[in-house]
Ligand code: R2B
Ligand code: URA
């Protein structure tokens, strides 16, 4: 059989397709990926991760553990023979981290700073492991704008709180802006995997990424609030007019970093409430857990389709 069918080891000598735009990396004799407790000297990253094709991330550690279990049982028939569910969390207390054959399932915590650290290390991991054309997914939760709670929103792109389509960060005292772009073709393909008998709606739209859950998302129920209900509604309306359909806390950084690295990526978030109607997340824990499975199902369908192809 051809080189391509060397399943499992993934030990190809070709370079990764993932781009590190950092001239310093080549000058380092080794690199410690501190927060995921892996390193180029301490681990054979090509052997461990060379076969990775799909990187699935979400905020909550438990959710990403159950996603790993779900994907493991759901895709049994097409996973490479001998695939096991590996718990790679061993030394890392920060993020939960699982590998199921070519699929990684990793939690990123709440908000951009937590996600961003992980993105640096995962992108470097892809590079060191010589991974080719990985697809990154964020499977998350969000607040909807003008849509039925429980709806899945597939992001067409991310905007910040000022509705700028980029991720702005301060680096050495300078503001750096990076386009928060997502792969449009992938977004539409993900949307096409919604089935007419699915018991939930799915929409495409922009996602607003906030640095806070309360005031930063216009909520009136935080510990502090210096804006009015009218200010809130005006803001949500403005977001909606700009094409924003949901609000969460990682989309700009996730989009910008994958885009910079040349990684195809999609964000699929279920909405827990309609922000035009309130601020508090009211459904029971059970209902919310059921809703959290919805983006996971779409991602499982995508992986099934593309694993069977390869
Ligand atoms: C959605 O839900 C979390 C806040 O509750 C945050 O991680 C996000 O993006
Ligand atoms: N996550 C958010 O960031 N906002 C919401 O309203 C719900 C979940």
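Note on region 46-69: among residues that are in a loop (DSSP other than H, G, I, E, B) and within 16 Å of ligand 1 (Cβ to nearest atom), the one that is nearest to residue 114 (Cα to Cα) is 59.
Being in contact with a helix residue (DSSP H, G or I) (Cβ under 7 Å, 6 or more places away or on another chain) and within 16 Å of ligand 2 (Cβ to nearest atom) is the filter here, so list the residues in region 253-263 that pass it. Answer for region 253-263, where residues must be in contact with a helix residue (DSSP H, G or I) (Cβ under 7 Å, 6 or more places away or on another chain) and within 16 Å of ligand 2 (Cβ to nearest atom): 253, 254.
Residues in region 126-151 that are under 16 Å from residue 303 (Cβ atoms) and either within 16 Å of ligand 2 (Cβ to nearest atom) or buried (at least 23 other Cβ atoms within 10 Å of the Cβ) (or both): 131, 134, 136, 137, 138, 139.
Residue 69 - would you say it is more than 30 Å from residue 218 (Cβ to Cβ) and free of Cβ contacts under 8 Å to residues at least 24 places away in the same chain?
On the way: more than 30 Å from residue 218 (Cβ to Cβ): yes; free of Cβ contacts under 8 Å to residues at least 24 places away in the same chain: yes.
Considered against the rule, which asks whether it is more than 30 Å from residue 218 (Cβ to Cβ) and free of Cβ contacts under 8 Å to residues at least 24 places away in the same chain, residue 69 comes out as yes.
Look at (1) assigned to a loop (DSSP other than H, G, I, E, B); (2) within 18 Å of the chain's Cα centre (by Cα); (3) farther than 23 Å from residue 307 by Cα and you find that residue 163 fails only one, number (2).
Listed here are the residues, each with its yes/no results for (1) within 15 Å of residue 208 (Cα to Cα); (2) in a loop (DSSP other than H, G, I, E, B); (3) within 16 Å of ligand 2 (Cβ to nearest atom).
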position: 246; (1), (2), (3): yes, no, yes
position: 265; (1), (2), (3): no, no, no
position: 268; (1), (2), (3): yes, no, yes
position: 291; (1), (2), (3): no, no, yes
position: 297; (1), (2), (3): no, no, no
position: 301; (1), (2), (3): no, no, no
position: 306; (1), (2), (3): no, no, no
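In summary, residue 225 fulfils each of the numbered conditions (1) away from ligand 1 (no atom under 14 Å from the Cβ); (2) in contact (Cβ under 8 Å) with a residue 12 or more places away in the chain; (3) surrounded by 13 or more Cβ atoms within 10 Å (Cβ to Cβ) with the single exception of condition (2). No other residue among 33, 27, 75 is within 13 Å of residue 126 (Cβ to Cβ) and modelled with pLDDT of 95 or more apart from 33.
Any chance you could count how many residues in region 25-48 are closer than 25 Å to residue 250 by Cα and touching a residue at least 40 places away in the same chain (Cβ under 8 Å)?
Let us first name the residues in region 25-48 that are closer than 25 Å to residue 250 by Cα, namely 32-38.
Pick out the ones that are also touching a residue at least 40 places away in the same chain (Cβ under 8 Å) and you get 33-38.
The qualifying residues number 6.
Looking only at region 234-257, residues that are more than 16 Å from ligand 1 (Cβ to nearest atom) and surrounded by 22 or more Cβ atoms within 10 Å (Cβ to Cβ) come to 0 in all. Inside region 270-287, can you point out the residues that are assigned to a loop (DSSP other than H, G, I, E, B) and near ligand 2 (Cβ under 9 Å from one of its atoms)? The answer is 275, 279, 281.
Listed by first and then second residue, the pairs with beta-carbon distance under 6 Å, at least 6 apart or on different chains, first residue in region 268-284 and in contact (Cβ under 8 Å) with a residue 24 or more places away in the chain, second within 10 Å of ligand 1 (Cβ to nearest atom) and part of a loop (DSSP other than H, G, I, E, B), are 272/281; 273/281.
The values are calculated or read from the model by the stated rules, or taken from the named source; none is laboratory data. Since the model is a prediction, treat every value here as computed from it, not as a measurement. Note: ideal-geometry Cβ built from the backbone for every residue, glycine included; neighbour counts use all protein chains shown.
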